[in-house]
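A quick write-up on the structure given underneath.
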Amino acid sequence: MQIRKRPRRTALLAAVSAAAMAATGLVFASTADAATTLGASAAEKGRYFGAAIAAGRLGDSTYTRLLTTEFNSVTPENEMKWDATEPQQGRFTFTNGDRILNQGLSNGSKVRGHALLWHAQQPGWAQSLSGTALRNAAINHVTQVAAHYKGKIYAWDVVNEAFADGGSGGRRDSNLQRTGNDWIEAAFRAARAADPAAKLCYNDYNTDGINAKSTGIYNMVRDFKSRGVPIDCVGLQSHLGTTIDSSYQANIQRFADLGVDVQITELDVQQGGNQANIYAAVTRACLAVARCTGITVWGIRDSDSWRNDNPLLFDGSGNKKAAYTSVLNALNAGGTTNPPTTPPTTPPTTPPTGGGGCSATVSLNSWNGGYVASVRVSAGSSAVNGWTVTVALPSGSAVTSTWSASASGSSGSVGFRNVAYNGQIPASGSTEFGFQGTGSGPTATPVCQAG
């Protein structure tokens, strides 16, 4: 039997019509140029539009047809969770997780990993542990699963639903939380060490506007960024009812302003007279924020949903609903600017030789008036213990935020130095940091100095 998430009450404050979300800043595509599928249209905007899928449904021809034609990202519903991948302690099984992975890769889709640690759907043996034993088992689980999928997963939900509902903005009480308040940080560090290329996300529900819970998460992310804890993105689940919070877009923007991506990870909307409008409003809000990199709906057809209120874009027979059309129209309308694209529009530059024991390459995601730069720092034949990368910025360019490094200066020749967790690079290994800026991105090869 497919394990489904239990329904949750979504904290919603106010209705926002699609017209209100669409009122500003949209550039409309002509009918002749409009993409005809969700994934294709999202890709034109440098984003993905994905679906959560189940391995047990891949034999359904209608299901797989919609999956392969409409979506350019997949997320496993349950197949990569703790109970599925480590049913007995130290004995891992990846059969169904690999099916999801291969389905996505064979279609040229991104694959989101969901989820490394969660208080629910733990195997029985983990539920019986506590304290140091549970902490060690949890970190080993993160390490082994992330390492198994190393280089193949676009983004991991490293930790899922660790904050409590209600007005406190604090952590949820769970066996994981009782191992120490730093367990989330430890999980992110373990995931980065196991798979340096994957984006690492924190994922939660009832965070669809500016409220106590989302503010608690915001404060955690801000703290992580200030201390160099490796976090790259925040997932907003967005299990919505008949309204959408009026601060939905502002909430996305404030996380983006911390220097992390935002992903809508589990979108579904109660069917009713406002369903199509809410789907369109979510899509427009994501398009309006450059660092909102994609949307995932939690299922394909209404009959595949964990909810019983027909919340998806296709009905049980696989027919497109009005909500589908509203999303496609919103995607084709586009946003105020072209957001960062994935994969990068500028190929990595050729690493220089020598360079004091390390080298650096830069990849750019550029749009009109700004860019995100991803810099890979690589060690040569000897290990590196600390590094500094100098990047020459063009005239008029300025760094506005930095992650996984500390910056010296914001324009001209800018130096970036490692933070605590990524200063040591083994021989022939690498790490990454990034920064966002205004103007044009760097074109010259960065200079790396070890030590």
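The values are calculated or read from the model by the stated rules, or taken from the named source; none is laboratory data. As the structure is a prediction and not an experimental result, all values here were calculated from the model. Heads up, the Cβs are rebuilt from the backbone with ideal geometry, glycines too, and the neighbour counts pull from every protein chain shown. Each accessible area value is taken on the protein alone, full model and side chains, heavy atoms only, with ligands, DNA and RNA left out. Shrake-Rupley method; radii C 1.70, N 1.55, O 1.52, S 1.80 Å.
Structural remarks
- Structure-derived log10 I(q)/I(0) by the Debye sum over Cα atoms at q = 0.07, 0.09, 0.10 Å⁻¹ - corresponding label in (1) -0.39, -0.64, -0.79; (2) -0.34, -0.57, -0.71; (3) -0.55, -0.76, -0.86: (2)
- Interatomic Cα distance distribution for region 191-330, bins of 10 angstrom, percent: 12, 41, 30, 14, 2
- Extension gain, S413-R91: 0.36 nm per intervening residue step, less the Cα-Cα distance, totals 110.9 nm.
- The residue among T296, A138, I153 whose Cα reaches farthest toward the positive pole of the charge dipole of the chain, with charges on the beta-carbon of Lys, Arg, Asp and Glu, is A138.
- Of the residues N329, G409, S246, the one whose Cα sits farthest towards the positive end of the charge dipole of the chain is G409 (charges of +1 on Lys and Arg Cβ, -1 on Asp and Glu Cβ, taken about the Cα centre).
- Virtual spin-label span in nm between N308 and H119, 7 Å along Cα→Cβ: 2.6
- Rg in Å to one decimal, and Dmax rounded to a whole Å, for region 174-238 via C-alpha atoms: 12.2, 33
- Sequence-separation-based contact order of the chain, relative, with Cα cut under 8 Å and 6+ spacing, percent: 15
- Helical contribution to [θ] at 222 nm, DSSP H n ≥ 4, -39,500 (n - 2.57), averaged over the chain, rounded to 500: -8000 deg cm²/dmol
- On region 75-141, 45 percent of the accessible area sits on carbon and sulfur atoms, based on a 1.4 Å probe.
- Under the convention that each Lys and Arg Cβ holds +1 and each Asp and Glu Cβ holds -1, the size of the dipole of region 243-331 around its Cα centre is about 220 debye.
- For region 98-248, alpha-carbon Rg over 2.2 N^0.38 Å: 1.06
- Beta bridges by DSSP in the chain, antiparallel share as percent, to the nearest 5: 55
- When each of the peptides 437-447, 164-174, 208-218 is scored by the mean number of other C-beta atoms lying within 10 Å of its residues, the order from highest to lowest reads 208-218, 437-447, 164-174.
- Evaluated with a Cβ-only charge set (Lys, Arg +1; Asp, Glu -1), the chain carries a dipole of roughly 380 debye about its Cα centre, given to the nearest 20.
- Pairs exceeding 29 Å between alpha-carbon atoms, taken from K152/K320; K150/K320; K45/K152: K152/K320; K150/K320.
- The peptide list 126-133, 279-286, 234-241, put in order of mean Cβ contacts within 10 Å with the highest first, becomes 279-286, 234-241, 126-133.
- With all protein chains in place and a 1.4 Å probe, the accessible surface of region 158-211 carries 50 percent carbon and sulfur.
- Take the Cβ atoms of T400 and A197, set R0 to 25 Å, and the FRET efficiency comes out at 0.55.
- Compared with the alpha-carbon gap, the fully stretched path from D98 to A420 is longer by 112.6 nm at 0.36 nm per residue.
- Per residue accessible area in Å² of region 194-320, where ligands, DNA and RNA are left out and the probe is 1.4 Å: 25
- The slack between T215 and S428, meaning 0.36 nm per residue of separation minus the straight C-alpha distance, is 72.7 nm.
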